[in-house]
Every structure is written in structure tokens, then in C-alpha cells.
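Each remark here refers to the structure printed beneath this line.
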Amino acid sequence: MSAIEISRLISSRQISVYEVVSSHINQTQRVNANINAIIAPQYEKALAQAKELDRVTSIKQDKPLFGVPFTVKESIAVKGLPNTYGSYYRRTDIANKHATAVERLLNAGAILIGQTNLSELALWPECANVIYGKTSNPYSQEHTSGGSSGGDAAIVSAGGVPFALGTDGGGSVRIPAAHCGVFGHKPSSKFVPMSGHFPLDRYSSQYPSAQFIARFFAMGPLCRKAEDLLPLLKIISRPDGIDENINGNFDCHQQLDSLKGIKVYLLEDKLHPLQKSVASNIKHNLYSVASVLEKEGAEIIPCHLPFLADACELWFDIMLTAKNITLHSAVNKDHSLMAEMYSMISGNKKMMLSTLLLLFMEKIASLNKKTYVQFLYIKNRISLQLNTYLDNKSVLLLPTYPTTAIKHNGSYISPFDFLYTALFNVLELPATSIPVSFSADNFPVSIQIAGAHGCDHLPISLACYLEKKLGGWKLPNMI
């Protein structure tokens, strides 16, 4: 059942808020020991809020999520709750106020039942850190839930909540959504404030370059049902006076009535030489999806876009282009990388190997970093090239990830497979990960649809079409 459906049932008094919240908490408690998705439960507070809401005699129209339970990624600020980013060096941090998006979801009537796990610093496509440990995929405890919003994806997939709030700096909503078989959307830039999360958190927001970096990060929803994506975007978007990139209200277009006149550019290529080749079951499902959309009236156009490789490489320059803000300063300003490596070797690990690798990569890349002007020049050139394909009637269809869910630590073998998603962070475009099938070994198979800037309704509309035709999310058997 979707969040919107749950809200309707509550509004019509067909079900109580307490029944909804308690049933989701029961499911969460049942599955969390196996997957380690929720790391800071708020069960008692949520149940108390549910009882309060059941005493409300009339539900206001500005409460579209009245009584609906949800979770939030731990790196997104929730006042009074941990805000460590999974980092040893932030292990005592407590948020002093809500992130803007959290505040808006709570004001819309949603009930927070817990915070979820993430990769350290929210910067790796697996979900593990030294504070909370690793999150497993609901389809197999040997496999990762993906990252960095892996706790969100796992608990949504396991039936613990109808939706969750995550962040996406290079695929951190879409990759875990793909691995866990749920819907995940990265919005266009300039609509949803990043306030309350890096780089617009209390540590980094004072630096002028923080606003620049924030353009390439996004807060976005992960959902069991595609119909929740647009309503949730409508709730969390619009200016807040903190994130200076937000320049208007999100034009929440209605979903498409028909696919006639929609062009779908099919892209199955490896985007960059460092990526793994696309698995045969992913390719097969790309063609299956194209066939379904074609039958609904869309025009399918296979394409080859080699210039997107440059966008993939630009992702590594986002942080390097900015002044004052580095990964190293975000993690640990005092210790050297060699000291961190020694701690890891000596068994006193204070940092994940993935974070250490990223820090070394940052050091090496800084020797040949692009200037702000060079970065924007290349980015704008790529955007102009892609704009010859994308408009308000066309989308790209491509993999979210080259394989289904990988085993724990599998990303060390192929660390650049996230580039299918990262390129849309660089280009500031909307993209949705959509579950469309299952592999022979019963893992979700997902694809990605991206649109022109501000046309978030296009990939989301196609997600709704594909959900109806192909089934969408299914509760994992192990759950």
C-alpha cells in the first residue's frame, strides 16, 4: 500500500493512525535484526504521536501525510537525534535542528519511526560504517543493500515503511533503490533544499563554496509505490531561505495520460572504460522495458552518447573545484592519511577502507584539479550536447547499475560502477530508479530513466506506467 493510500484510509477513518504505525513498527522490529537498516529507533515516540493524532477530530488539508510512518537517513539532521554520518570522528554529534525536508514531512503529518544506516560520510555505493556496522539486502544477507542510503532502501523494501527520505550525491538514492527493488528518485537541482545535510550542514554551510557543491547533491524519496514520488516531491520542494540554489516552487506536473509523442532514448553502453560491462539480465530488461513503453505509444530510439564519459569524470571534480571544503576536513582535520592507515593495519580501525580510498583519491586528483571556470565550461558543453536529445517530451533509458545487488565489499572490486547514476548529479538532472523484474537468483532488476531539467514528472510517470505493467515492488521472500 502506498503512503497516499494509507493517508486516504486514515482520513476516511477506515483505519487508525495507531494501527498503521504499530503494524509498521512490528514489521520493522521483525526484520531489522537481519538487515540492520534502522539504527536509531523512535518507536515509543512514534506510537505516542499516533495516539495523539487519533484524537484529532478533523484532519486539515495541509496534512497529506497525516499518520503515515517514514524513516530518515542518519546524515539528514533530525533535532535531538544522532547526526554522525557513520564517522568515528562525529560519533557524539547530535543535530540541533531539523533539516528543511524533514521539517516539511513532519508538518505534512508524517510520523518518524527511526533513522537509517548509511555508508560512511554518505559517499560509497555500499551501506557500512564503523559506528553502526553494515546493512544487508532484504533479499540476501550476503549482499549489500547499496549505498549510501542503504538503510532507507532496505527498510522500505522489507515493508517497514511506505517511504523514506534519503540523499543522492552520485546515486545514493537510486543505487540502493535498485539493489532492494524499490523506487528512488533524484530530483532536478534547484527545487529541494539540501539544508540540514552536507554541504549545507552546521560544519560546512559557512563556506562560500558550500552553495556551489549543494547544486550537485539532492534529497529524494525512496518508495514502495511509484505514485508517492510526485506528492512527496511537492511537499519537500520550494525555497527555504538557506539553500540559495532553490529558485522556485517545484512545478508538480500531473502524471502523463498517454505516452504518445514521448521519445525514449535507449542507452545500453558502458559509459566509461572503468565501468563493468552491463550484465545480460540488465540489458534484457532494458529491451523489455523499451518494448512495453513502445506498446504504450512511446517512440524508442537506440543511441550512443560518448560525450557522457566526460560527465562521469567531472563528478570527481565537484569537491576539488570548491575552496575550503574537502573530504579530509569533513572526516578528520587532525590526523594524516598515513596515521589512519596505520590505525587500520594495527586493528584500531576508525575509518572504513572505502573512505580511506576516497581520501587518497582526493589527494591524488588535487594535483591536477580543474578550476571553477574549467569545470563549468566542460559541464555546460555536455549539457548543451545532451539538450539536443532531452526536452519536455523525451527521456533517457539506461541502467541504474551494471548488475543486480552485489555481495558485501563487492564495490572494492569495481568501484566505478556508480557512474551510471553520478552523471545526472553532475548535470543536475532528474532520474528515477525503477524495479522492473527479478533475476534468475531472485534479486530485483531495476532500470533508470532520466529527464530534462525540471521535467521530473516524465521519469516518474514512466515509473508509474511500468509499475502497472510489470508489477514493481514485491515483499522479499526472506522477509
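Every number here is computed from the coordinates shown, using simple stated rules; none is lab data. Not measured: the values here are computed from a predicted model. Every residue, glycine as well, gets a Cβ built from its backbone with ideal geometry; the counts of neighbours run over all protein chains shown.
Some values worked out for this structure:
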{"item": "Sparse-neighbour loop sites [GluC sites (Glu not before Pro); the range 135-244; at most 13 other C-beta within 10 Å; DSSP]", "result": "none"}
{"item": "Quotient of Cα Rg and 2.2 N^0.38 Å for the chain, N being how many residues it contains", "result": "0.91"}
{"item": "Stokes-Einstein D (µm²/s) once Rh is taken as the Kirkwood radius of the range 174-269 over alpha-carbon pairs, at 20 °C in 1.002 mPa s", "result": "141"}
{"item": "Whether the range 68-194 is rounded, prolate or oblate, judged on the alpha carbon gyration tensor where a/c under 1.5 counts as rounded", "result": "rounded"}
{"item": "Stretchable slack from Asn34 to His453, in nm (0.36 nm times residue separation minus alpha-carbon distance)", "result": "146.9 nm"}
{"item": "Mean projected area in nm² (Cα convex hull; one quarter of hull surface) for the range 344-396", "result": "6.6"}
{"item": "Distance in nm between pseudo-label sites at Glu44 and Val56 (7 Å out along the Cβ direction from Cα)", "result": "2.4"}
{"item": "Vicinal HN-Hα couplings computed from phi for the range 211-218 (Karplus, 6.51 cos²θ - 1.76 cosθ + 1.60; Hz; Gly/Pro x)", "result": "5, 5, 4, 4, 4, 9, 9, 8"}
{"item": "Relative exposure of Val292, Val31, judged by other C-beta atoms within 10 Å (fewest first)", "result": "Val292, Val31"}
{"item": "Computed label-point distance, nm, for sites Lys349 and Thr92 using a 7 Å Cα→Cβ extension", "result": "2.5"}
{"item": "Amide proton proximity set for Phe163, modelled H, under 5 Å, gap of 5+", "result": "Thr71"}
{"item": "Vicinal HN-Hα couplings computed from phi for the range 270-278 (Karplus, 6.51 cos²θ - 1.76 cosθ + 1.60; Hz; Gly/Pro x)", "result": "5, 7, 9, x, 7, 7, 6, 5, 5"}
{"item": "Kirkwood hydrodynamic radius of the range 125-171, from inverse mean 1/r over distinct Cα pairs, in Å", "result": "10.8"}
{"item": "Which listed pairs, of Lys79/Lys225; Lys73/Lys363; Lys63/Lys283, have C-alpha distances above 32 Å, in listed order", "result": "Lys63/Lys283"}
{"item": "Cα gyration tensor shape for the range 323-479, rounded if a/c is under 1.5, else prolate or oblate", "result": "oblate"}
{"item": "Kirkwood-based shape ratio for the range 182-339, expressed as Rg/Rh from alpha carbons", "result": "1.03"}
{"item": "Charge context of Leu47, other residues only, Cβ under 12 angstrom, K/R +1, D/E -1", "result": "-2"}
{"item": "Formal net charge of residues neighbouring Asp251 (Cβ-Cβ distance under 13 Å; K, R +1; D, E -1)", "result": "+2"}
{"item": "Relative exposure of Leu274, Leu390, judged by other C-beta atoms within 10 Å (fewest first)", "result": "Leu274, Leu390"}
{"item": "Full-stretch length increase - Glu299, Asn368 - with 0.36 nm per residue and alpha-carbon distance subtracted", "result": "20.6 nm"}
{"item": "If the convex hull is drawn through the Cα atoms of the range 1-142, its volume per residue in Å³", "result": "117"}
